[in-house]
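S.K.: Got a structure for you, written out below as structure tokens; questions coming shortly.
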Amino acid sequence: MVDLIVANLRVRPFRTLISVIGVALGVVLVVLFTGLARGMTNDMARRAANWKAEIVFTRSGAMGLDSSNMSVSTGYVPRLLEIPGVAMAVPVGRYVTPDTRGRWGLQQIDGVDWEPFAAMNEMKIVEGRRHSAESEVIFDERQMREDNAKLGDTITLFGGRQYTIVGVFSPPSGSRIKMSLAALQSALEAPDRCTYILVKIANDEDAEAVAARINEALPGNKVNLTRDLVIDAQQRVPALNTFLRVLVGLGAFVSTIFVLLSMYTTVTERRKEIGILKSLGASKSFIIRAIEGEAFLIGTLGVILGVATAYLASELIWRVFELHFEFSLGWIITAVTIAIIGSLIGALYPAWKASAIDPVEVMTNE
């Protein structure tokens, strides 16, 4: 049986190759793009939590990576500083939008008062100067490389506003683009508002105890410990899960259709061979197993090619665009499963059609 399956595929190498590539395409769709989605959202989440502050004070829903909701009053800052154990409180505004540079993904912009934010998070300007006007922004070092930018260049944000790059900061923390909090409030028409407030606790204080005091003094808000923020970034982007499910469905569809068309054409061309096999005593189940065996082998080869292609493509994309990939064993298993099952399902109708061939009719016509 195995020799027959391999021989049938080797007789038509080009069609076999096309089928394998079709299955591999479905695998690449799932593995590569789920890896890219996970990598980008988790990278953003890690940078969002790369603070020296131990507590993040915000409101429910404001911290989602799909949200640009500046719903927290900056009036909470002096009230937070009155709470025992709080050493610093720095408001931060955040704006998240689809990347305006024509790249896949999200673009995040932070509005901060630079001096207290930099002092809290041990950051510094490594080139140029800090932003001092509402029309100025600063980039981190990677953003400068990605955009091939230099000091004095201008960028367009918020649908047409022009901003000048005046400085470069390091290390990365939060967004890669920062402007003054006042500038972001002006752009979003949200005076005296921010997205969250970073809270630095005093030495020797327990973060959980201080968080409990904040909850007691300022109820109705959301108090997060920084260490708990990076758990699962995908859960904070509802549209991302929908996108991944669409990819899985598309991958299954591609694999099934390619194998269906290939095996249907193969069966049509091999009517005489199948008729001879049946005239020699081959049963319907034997014919079905043979066709399904070919589909299984095509699916297996497609999986190997697809996973290898996804990995090589991720390396290339990282070197060229510095986009993060995080491959998940769960998604790889999902890709393998839908490729194999899709191949077997795609071959079902051709296999049934082949098993129903009448050897007498075929031999008479031939």
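S.K.: Any idea how many residues of the stretch 130-146 are closer than 12 Å to THR164 by Cα and either in contact with a helix residue (DSSP H, G or I) (Cβ under 7 Å, 6 or more places away or on another chain) or of a type outside the set (Asp, Glu) (or both)?
M.R.: The total comes to 9.
S.K.: Now for a different question. Would you check if there is a residue in the stretch 239-249 being over 30 Å from MET144 (Cα atoms) and modelled with pLDDT of 85 or more?
M.R.: No.
S.K.: Here is a follow-up. Quick check on my filter: what residues within the stretch 147-174 are modelled with pLDDT of 90 or more, aliphatic (A, V, I, L, M) and under 29 Å from the mean Cα position of the chain (by Cα)?
M.R.: Residues satisfying the conditions are ALA149, ILE155, ILE165, VAL168.
S.K.: Looking at ALA351, ALA335, ALA310 in this structure, which one is at pLDDT below 85 and either surrounded by fewer than 17 Cβ atoms within 10 Å (Cβ to Cβ) or in the same structural domain as LYS278 (by TED's automatic domain parsing) (or both)?
M.R.: ALA351
S.K.: Another question, then. May I ask you to verify whether THR154 is touching a residue at least 24 places away in the same chain (Cβ under 8 Å), in the same structural domain as ILE55 (by TED's automatic domain parsing) and of a type outside the set (Lys, Arg)?
M.R.: No.
S.K.: Only one of (1) surrounded by fewer than 16 Cβ atoms within 10 Å (Cβ to Cβ); (2) among the aliphatic types (A, V, I, L, M); (3) farther than 20 Å from TYR95 by Cα is not met by ALA133, so which one is it?
M.R.: So the condition that ALA133 fails would be (3).
S.K.: Let me ask another. Could you say whether any residue in the stretch 208-220 is assigned to a helix (DSSP H, G or I), closer than 24 Å to GLY111 by Cβ and in the same structural domain as GLU146 (by TED's automatic domain parsing)?
M.R.: yes
S.K.: Output the helices (runs of 4 or more DSSP H) that fall wholly within the stretch 1-103 and possess 3 or more residues being surrounded by 23 or more Cβ atoms within 10 Å (Cβ to Cβ) and at pLDDT 85 or above, or say none.
M.R.: 13-48
S.K.: Now for a different question. Taking PHE327 as the residue in question, decide whether it is at pLDDT 85 or above, in the same structural domain as ILE18 (by TED's automatic domain parsing) and either acidic (Asp, Glu) or surrounded by 17 or more Cβ atoms within 10 Å (Cβ to Cβ) (or both).
M.R.: Yes: the conditions hold for PHE327.
S.K.: I would also like to ask the following. Within the stretch 179-192, how many residues are at pLDDT below 95 and not in a helix (DSSP H, G or I)?
M.R.: Residues that pass the stated criteria total 4.
S.K.: Report the residue count in the stretch 309-354 for those that are in a helix (DSSP H, G or I), under 19 Å from the mean Cα position of the chain (by Cα) and either within 30 Å of ASP147 (Cα to Cα) or not hydrophobic (A, V, I, L, M, F, W, C) (or both).
M.R.: 15
Yes/no per residue for (1) among the small types (Gly, Ala, Ser); (2) more than 21 Å from GLY35 (Cβ to Cβ):
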{"site": "ALA295", "(1), (2)": "yes, yes"}
{"site": "THR309", "(1), (2)": "no, no"}
{"site": "LEU329", "(1), (2)": "no, no"}
{"site": "PRO350", "(1), (2)": "no, yes"}
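S.K.: If you go through the stretch 108-146 one residue at a time, how many are in contact with a Gly (Cβ under 8 Å, 6 or more places away or on another chain) and modelled with pLDDT under 90?
M.R.: 1
The values are calculated or read from the model by the stated rules, or taken from the named source; none is laboratory data. This is a predicted model, so every value here is computed, not measured. Positions of Cβ are backbone-derived with ideal geometry, glycine not excepted, and every protein chain shown enters the neighbour counts.
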